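Everything below concerns the one structure shown next.
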Amino acid sequence: MAVKTILQAINEALDQSMEKDDSVVVYGEDVGHEGGVFRTTAGLQKKYGEGRVFDTPIAEAAIVGSAVGMSVNGLKPVVEMQFSGFSLPGYNQVVAHVARFRNRSRGKYHLPMVVRMPYGGGVRALEHHSESLETLYAHIPGLKLVIPSTPYDAKGLMMAAINDADPVIFMEPKRIYRAFKQDIPEEPYEVEIGKARIAKEGNDVTIIAWGALVREVEKAMKQVDDIDAEIIDLRTISPMDTETIIKSIKKTGRVLIVHEAYKSFGPAAEIISRINEEAFFYLEAAPKRLTGFDVTIPLPKGEHHFIIDPKQIAYELKKLMAEKA
Amino acid sequence: MLFKDFDPLKEEMLQILDQKGNIVNDKLVPKIKKATLMKMYKTMVLGRIADDKAVQFQRQGRMLTYAPNHGQEAAQLGSIAAMDDNDWLVLAFRELNAMLYKGVTLEQSYLYWYGNEMGAKYDEDVKVLPINVPIGSQINHAAGIAYASKLNKTGEVALAFIGDGGTSHGEFHEGMSFAAAYDLPMIVVIQNNHYAISTPRKKVIKSKTLAQKAIAYGIPGIQVDGNDPLAMYLAVEKARERAANGDGPTLIEAVTYRMGPHTTSDNPKLYREDKEVQEWAKKDPLIRFKKYLIDKKYWSNKKDEELQETSKKEVLDAFKKVEKSGLVDLEDIFKYTYEKLTPNLEKQMNAYKKYLDEVGE
Ligand SMILES: Cc1ncc(C[n+]2csc(CCOP(=O)(O)OP(=O)(O)O)c2C)c(N)n1
């Protein structure tokens, strides 16, 4: 075991995957020599050379599109979008090709590629550096969308993503890149994609979150010790682990979904629909969601209005518990 | 014709004022009014101090992330000074000097980097688009402005900036192709400061010069000493004449250097040698421009000392106001989403206000 941050865990997952499998290549803007603006890929170029770890021109369509070509020609590319806000020039490639190659070629081709991107707010950043764009990726058939919230999962999910036969969008909650450490196995391991994690068992209410918000939910629980909540860390947004969610709702009868992504048409809307479809009669109160407002995420001097804090989660939770069906 | 005399494929670079401040190309010295030269210089001094101070404030924890301009002032000021008042300025994000020259206030600039959107709301008559972070996308905006100008025969020309790294982006290519196809009145100045964050320009761009990319679009391209304000002025002046004549866009590569970090979050020691930085320090645009003005008897060391003092005061005063600006109001993060607040947004805002009332901030 070794004590690691999320950032170090991802770095280790990349390192061990490259060590084990020569077909893994890692590239993106400033990814090679510098090891990424967050240093997530630090040391990899030194160890594996400029052929397998390299800096690219500023050209997201080329980064994602070339990964399609590499994938069909025997490589396993792990590419970086410097920030999720800058993934959009590559989005055309993602939607038009990455998500569809298996289907279009009727299974002849498949794309074992990973698109990594730091995402989320709360880091006092410039414009386009704080968005939570889960919806844009979760909406597209053929993609998997994975978001870790702990160092253990970060490593295991990244290793699973690289070995997955299908393309994985891997969003990294940059706010907690270095926020805390966890003792994780030194040897390679995988965490199954498509399975949620019960972060805490409970009976009164189900709280569903992912990424940096899981920790905020955990902090909120300290302000409401009389509420016995079950916390689900979704980990994979798509394909979603509906089973774990439904099982929990059937037990608790109440649900609060917390995410920083914009509210309208967002992930919580989808989760609530599934709950309504499969566990409607178990509900003791209307499902609730605490999300980013439907406004462009503000620059730092207005960001506090937008960012969801534990106090707000506790407040919504109390309101939810007070509701009668 | 200037653009014929400097072949970008042969790396022929236009220079008029060398790094010591001596005229090396007598015949090409552009005719610039004294008032214009002095406005350029005064903006350069103010811009330099404001830039260095912004980095210092950030180090003290009083400013958020900042993208320094130090060393790139002439590339910006030579360009903007050659434009008309009626023209447009389309920004990337490292053009403080061009902004100040064109009427964006220092307070507004600081406020933006301080983390307040109000800093991107320039005065009504200031034809400058807000700072544009997604690399390359601004070139298409400039093309659109130029198209409207051409259609409505307003005579306006769009001047856009981009970095060396930005010229690899699809958006750059698309915007250039679009503007060239319709002979639009657009000028694109590439500030080739040799790095895109940690990535050296030579490592990821095969073209000998960035100016030569113009050839593919069927328009003139010229490489210019970006630390020479006179050469930059001349190149943009000629490009503007072309634009005004309906001859279409021009691509200008300003060869310069970013003396500071990419932004205050960046550590340049990871990717470049101090020796290289020191070499470029000798090419400082401010030193050569000042000498030129003193040689011309437009300026003196004594006046310069006074200017340094008043500029410094101006910078400190502006930042003082910014530091007093406080946080953004809740209403303001909703208000500018649409022309009118939608019922959905109103509901979200009111629910949040109720929460604040009940729980306190
Ligand atoms: C589309 C897009 N991708 C990535 C980024 C992140 N990023 C910000 S600045 C920068 C480098 C820009 O280099 P260059 O164009 O040379 O301009 P400079 O910063 O040197 O002025 C990058 C990659 C971005 N802002 N937009």
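Counted as qualifying within region A:142-236 are the strands (runs of 3 or more DSSP E) with 1 or more residues that are of a type in the set (K, R) and without any contact (Cβ under 8 Å) to a residue 40 or more places away in the chain, namely A:197-200.
Restricted to region B:92-108, and to residues there that are closer than 20 Å to A:H128 by Cβ and within 16 Å of the ligand (Cβ to nearest atom), the residue that is surrounded by the most Cβ atoms within 10 Å (Cβ to Cβ) is B:E95.
A:V53 fulfils the conditions (1) touching a residue at least 24 places away in the same chain (Cβ under 8 Å); (2) within 16 Å of the ligand (Cβ to nearest atom); (3) in contact with a helix residue (DSSP H, G or I) (Cβ under 7 Å, 6 or more places away or on another chain) except for a single criterion, (2).
Of the residues making up region B:177-190, those that are within 18 Å of the chain's Cα centre (by Cα), within 23 Å of A:E60 (Cβ to Cβ) and more than 9 Å from the ligand (Cβ to nearest atom) number 1.
Would you please name the residue that is surrounded by the fewest Cβ atoms within 10 Å (Cβ to Cβ), looking only at residues in region A:266-307 that are of a type in the set (V, I, T) and assigned to a helix (DSSP H, G or I)? I'd like the intermediate steps shown before the answer.
At the first step, the residues of region A:266-307 found to be of a type in the set (V, I, T) are A:271-272, A:275, A:291, A:295-297, A:307.
Going one step further and asking which of them are assigned to a helix (DSSP H, G or I), we end up with A:271-272, A:275.
Details: A:I271: 23, A:I272: 17, A:I275: 23.
Only one residue tops the list, namely A:I272.
In the condition set (1) more than 16 Å from the ligand (Cβ to nearest atom); (2) in contact with a Phe, Trp or Tyr (Cβ under 9 Å, 6 or more places away or on another chain); (3) over 23 Å from A:I6 (Cα atoms), A:R104 is compliant with all but (2). Restricting attention to region A:69-91 and to residues that are within 14 Å of chain B (Cβ to nearest Cβ) and closer than 21 Å to A:P239 by Cα, the residue that is surrounded by the fewest Cβ atoms within 10 Å (Cβ to Cβ) turns out to be A:Y91.
Among the criteria (1) of a type outside the set (D, E); (2) part of a loop (DSSP other than H, G, I, E, B); (3) more than 21 Å from the chain's Cα centre (by Cα), the one B:G115 does not fulfil is (3). In this structure, does A:K324 turn out to be within 14 Å of chain B (Cβ to nearest Cβ) and open to solvent by 30 Å² or more (accessible area, probe 1.4 Å)? Judged against the criteria, A:K324 is not a match. In the set (1) assigned to a helix (DSSP H, G or I); (2) over 17 Å from B:L2 (Cβ atoms), B:E156 fails one condition alone, (1).
Kindly establish whether A:T296 is within 11 Å of chain B (Cβ to nearest Cβ), β-branched (V, I, T) and without any contact (Cβ under 8 Å) to a residue 24 or more places away in the chain. Yes. For region B:324-345, the criterion of being among the charged types (D, E, K, R), touching a residue at least 24 places away in the same chain (Cβ under 8 Å) and part of a helix (DSSP H, G or I) is satisfied by at least one residue.
When we screen B:L345, B:L327 for residues that are within 14 Å of chain A (Cβ to nearest Cβ) and more than 30 Å from B:L46 (Cβ to Cβ), the only hit is B:L345.
Residues that are over 18 Å from A:V25 (Cα atoms) and more than 16 Å from the ligand (Cβ to nearest atom) within region A:85-98 comprise A:V95, A:A96, A:H97, listed in sequence order. In region B:112-160, of all residues being β-branched (V, I, T) and either open to solvent by less than 40 Å² (accessible area, probe 1.4 Å) or within 14 Å of chain A (Cβ to nearest Cβ) (or both), the one that is farthest from B:A214 (Cα to Cα) corresponds to B:V126.
Is it the case, given these coordinates, that B:L89 is within 24 Å of B:V255 (Cβ to Cβ), more than 14 Å from chain A (Cβ to nearest Cβ) and either open to solvent by 10 Å² or more (accessible area, probe 1.4 Å) or in a helix (DSSP H, G or I) (or both)? Judged against the criteria, B:L89 is not a match. Examine region A:35-44 for a residue that is at the interface with chain B (Cβ under 10 Å from one of its Cβ atoms) and open to solvent by less than 10 Å² (accessible area, probe 1.4 Å), and state whether such a residue exists. Yes, there is a match, as at least one residue in region A:35-44 is at the interface with chain B (Cβ under 10 Å from one of its Cβ atoms) and open to solvent by less than 10 Å² (accessible area, probe 1.4 Å). Looking at A:G32, is it surrounded by 24 or more Cβ atoms within 10 Å (Cβ to Cβ) and in the same structural domain as A:V115 (by TED's automatic domain parsing)? In short, yes. Mind listing just one residue for me: the one in region A:70-84 that is of a type in the set (A, V, I, L, M, F, W, C) and within 16 Å of the ligand (Cβ to nearest atom) and, of those, farthest from A:A165 (Cα to Cα)? Looking at residues that are of a type in the set (A, V, I, L, M, F, W, C) and within 16 Å of the ligand (Cβ to nearest atom), I get A:F83. Taking the listed residues B:A244, B:A235, the one that is of a type in the set (A, V, I, L, M) and more than 21 Å from B:E95 (Cβ to Cβ) is B:A244, with no other qualifying.
The values are calculated or read from the model by the stated rules, or taken from the named source; none is laboratory data. Just so it is clear, the model here is predicted, and its values are computed rather than measured. So basically every Cβ, Gly included, is an ideal-geometry build from the backbone, and we count neighbours across all protein chains shown. Accessible surface is based on the protein model in full, side chains and every heavy atom, while ligands, DNA and RNA are left aside. Shrake-Rupley method; radii C 1.70, N 1.55, O 1.52, S 1.80 Å.
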